[in-house]
Amino acid sequence: MDKKVSGLIALFLLPFVVFSQKGVELGGWLGTSYYFGDLKTELKFDQPRPAGGVNFRYNFNERLAAKASLNYARIHADDANSTNTFERNRNLKFYSDLYDLSIQGEFNFLTYIHGSEDYFFTPYLFAGFSGFAFSPKTELNGTTYDLRSFGTEGQAIGAEYGRFSMTINYGFGVKWDLNVDWSLNAHISAYNSASDYIDDVSNVYPDLDLLRSLRGDTAVSLSDRSIVEGIGESGRQRGNSKNNDMYILFGISIMKYFGQLNCPKIVKDR
């Protein structure tokens, strides 16, 4: 190739590659989880539960990255903690362990280069999707029950809601370097679920006599735990099927960088 042409190409590409940063990061995170749904309708960040996971990130350049995460979170809610009179009288509660696999794209607001004295920090946005498994449970008279197995809203045997669902997730965070190899990240992310049964509550109370004949007395006790007579009548509102459940994860992660800076090649005369 002509020397002048080579030089022009290198000069043109220089702004795009001089700060380019490709490579992978591996790490883990710990934090807290928060649930919002039919058993927690108030936007209050209370009753946190533990959460954590492992991350794999690929950096395309100093602004764009993709991340895969395998996450665990426990979520929980109890009507007894609500300020809403109906919810306290409904008297339902649950907890569930979530296992989530997320894929996200990330955008750094600032130029971010591992090991740089000038570009060692950035806020960032991310969005993606995930698949997750859940299994709502509760305690009654000292015994733990798997709620799905009891068809608490009148689901036919064999037609219970699934244990797997999808989410759209999004959030923001910050990244900052400790040194050329290690960095800290802090993030908060919201997961909007395609399911409204993470908490086992979505629709209306079933016919309790029919539920008893199909699944027994325990199913009736788990379906209607109200402390006011009449709340659990067939067809009365038990949950809000118009809004699906969601959960929020907050965490701090430590990441190990395995990539290296890609410097432009210098065009030499021959």
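The values are calculated or read from the model by the stated rules, or taken from the named source; none is laboratory data. None of the values given here were measured: they were computed from a predicted structure. Here the Cβ is made from the backbone with ideal geometry for all residues, glycine too, and neighbour counts use every protein chain on show. With ligands, DNA and RNA removed, areas are computed over all heavy atoms of the protein, side chains included. Shrake-Rupley method; radii C 1.70, N 1.55, O 1.52, S 1.80 Å.
For the residues SER165, SER116, SER130, the requirement of being among the small types (Gly, Ala, Ser) and either closer than 14 Å to ALA219 by Cβ or in a loop (DSSP other than H, G, I, E, B) (or both) singles out SER116. Against the list (1) modelled with pLDDT of 95 or more; (2) part of a loop (DSSP other than H, G, I, E, B); (3) open to solvent by less than 30 Å² (accessible area, probe 1.4 Å), the condition LEU222 fails is (2).
For the stretch 86-113, a residue qualifies if it is open to solvent by less than 10 Å² (accessible area, probe 1.4 Å), touching a Leu at 6+ places or on another chain (Cβ under 8 Å), closer than 30 Å to VAL220 by Cα and not in a loop (DSSP other than H, G, I, E, B), and exactly one does: PHE94. Number of residues in the stretch 43-63 that are open to solvent by 60 Å² or more (accessible area, probe 1.4 Å), out of contact with any Lys or Arg (no Cβ under 7 Å at 6 or more places or on another chain) and not in a strand (DSSP E or B): the value is 5. Search the stretch 146-174 for residues being small (Gly, Ala, Ser) and out of contact with any strand residue (DSSP E or B) (no Cβ under 6 Å at 6 or more places or on another chain), and hand back the single one that is surrounded by the most Cβ atoms within 10 Å (Cβ to Cβ). Top of the filtered list is GLY151.
Return the residues of the stretch 196-219 that are part of a loop (DSSP other than H, G, I, E, B) and under 34 Å from the mean Cα position of the chain (by Cα); say none if nothing qualifies. The answer is ASP196, TYR197, ILE198, ASP199, ASP200, VAL201, SER202, ASN203, TYR205, PRO206.
As for the stretch 146-162, it holds no residue that is in a strand (DSSP E or B), under 27 Å from the mean Cα position of the chain (by Cα) and more than 20 Å from ALA73 (Cβ to Cβ). Of all residues in the stretch 88-116, those satisfying the criterion of being under 18 Å from ASP200 (Cβ atoms) and in contact with a Lys or Arg (Cβ under 9 Å, 6 or more places away or on another chain) are ARG90, ASN91, LEU92, LYS93, PHE94, TYR95, SER96, ASP97, LEU98. If you go through the stretch 64-80 and keep only what is closer than 30 Å to ASP224 by Cα and buried (at least 17 other Cβ atoms within 10 Å of the Cβ), you end up with ALA73, ILE75, HIS76, ALA77, ASP78, ASP79.
For the stretch 175-208, taking the residues that are within 30 Å of ARG57 (Cα to Cα) and among the polar types (S, T, N, Q), the one that is most open to solvent (accessible area, probe 1.4 Å) is identified as ASN179. When the stretch 17-42 is limited to residues that are more than 17 Å from SER102 (Cα to Cα), touching a Ser or Thr at 6+ places or on another chain (Cβ under 9 Å) and of a type in the set (A, V, I, L, M, F, W, C), the one that is surrounded by the most Cβ atoms within 10 Å (Cβ to Cβ) turns out to be LEU39.
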